[in-house]
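The block underneath contains the structure these notes are about, expressed in C-alpha cells.
The values are calculated or read from the model by the stated rules, or taken from the named source; none is laboratory data. The model shown is predicted, which means the values in this text are computed figures rather than measured ones. Here the Cβ positions follow ideal geometry from the backbone for every residue, glycine too, while neighbour counts run over all protein chains shown.
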Amino acid sequence: MMRSKILDELISGYQVELEKYEEFSKFALFFEKELEQEIETEKLKKYMIEREVKIAEIKEREAHNILLKNQLCEILNVSEFTIINFKDCSIDSKKLDQLNEWILKIEDTIKSILVSDQRIQDKLKMEKEATKLELHRIQSFKRAKNAYSGGETLEAQFIDKNK
C-alpha cells in the first residue's frame with residue numbers, strides 16, 4: 001500500500017535526521033571542550049564553516065521529510081501532520097509509535113544542541129568581553145605613556161579675542 005511505503009520512508013528519514021542531529025550534537029560538545037583550552041580564530045572559523053555545512057545537511061533532510069509528511073497527509077486526507085490525527089486512520093500503531101519515538105528523540109537532541117550552543121555563545125561572549133578589557137587596558141597605557149613622554153614640549157595656546 002502507498003501509505004505504508006511513505007510511512008516507512010518517513011520513519012527511515014527521521015532515523016537519518018536523528019543521526020545528523022546527534023552528529024551535530026557531538027560536534028558542538030567537542031567544540032565546547034575545545035573552547036575550554038583556548039580560543040583561536042582559526043578554530044572558530046573552521047567550527048563555523050563545519051557548523052553551516054552540518055546545518056545545511058540537516059535542512060536538506062528536513063525538507064525531504066516535510067515532503068513525505070505532506071504526501072502522507074494528502075493520501076490520508078488529514079489536514080495536519082500529528083500522531084493524534086493518524087491514530088484515527090488505518091495505520092499500523094507500531095509504526096506510529098516508532099515514528100513518535102523518532103520525533104521525540106529528535107526533539108531531545110535538538111534541546112541538547114541548543115543548550116550546548118548557549119554555553120558556547122556564553123563562553124565566546126566572555127572571551128569577547130575579556131578581549132575588550134585587555135584592549136582598553138592597552139589603550140589607556142598608551143595614552144598615559146603619551147601624556148608623560150618627553151617628546152616635544154607643548155606650549156600654551158591663547159586665543160586673541162581682539163582680532
The listed residue being farther than 28 Å from residue 27 by Cα and among the hydrophobic types (A, V, I, L, M, F, W, C), out of 106, 84
84
Flagged in region 60-90 as among the acidic types (Asp, Glu) and either exposed (fewer than 13 other Cβ atoms within 10 Å of the Cβ) or touching a Lys or Arg at 6+ places or on another chain (Cβ under 7 Å) (or both), in numbering order, are 60, 74, 80, 88
For residue 13, all conditions in the list (1) out of contact with any His (no Cβ under 9 Å at 6 or more places or on another chain); (2) more than 14 Å from residue 113 (Cβ to Cβ) hold save one; what is the number of the exception?
(1)
Test: residue 117 is of a type in the set (Asp, Glu), under 30 Å from residue 24 (Cβ atoms) and either modelled with pLDDT under 85 or surrounded by 11 or more Cβ atoms within 10 Å (Cβ to Cβ) (or both)
yes
Considering residues of region 8-49 that are closer than 23 Å to residue 110 by Cβ and among the polar types (S, T, N, Q) only, the residue farthest from the chain's Cα centre (by Cα):
12
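Residues checked against (1) touching a residue at least 60 places away in the same chain (Cβ under 8 Å); (2) not in a loop (DSSP other than H, G, I, E, B):
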residue: 14; (1), (2): yes, yes
residue: 20; (1), (2): no, yes
residue: 24; (1), (2): yes, yes
residue: 30; (1), (2): no, yes
residue: 68; (1), (2): yes, yes
residue: 78; (1), (2): no, no
residue: 86; (1), (2): no, yes
residue: 118; (1), (2): no, yes
Which of the residues spanning region 85-110 are within 15 Å of residue 75 (Cβ to Cβ), acidic (Asp, Glu) and either modelled with pLDDT of 75 or more or touching a strand residue (DSSP E or B) at 6+ places or on another chain (Cβ under 7 Å) (or both)?
92
Assess whether residue 5 counts as being under 18 Å from the mean Cα position of the chain (by Cα) and on the phi < 0 side of the Ramachandran plot.
no
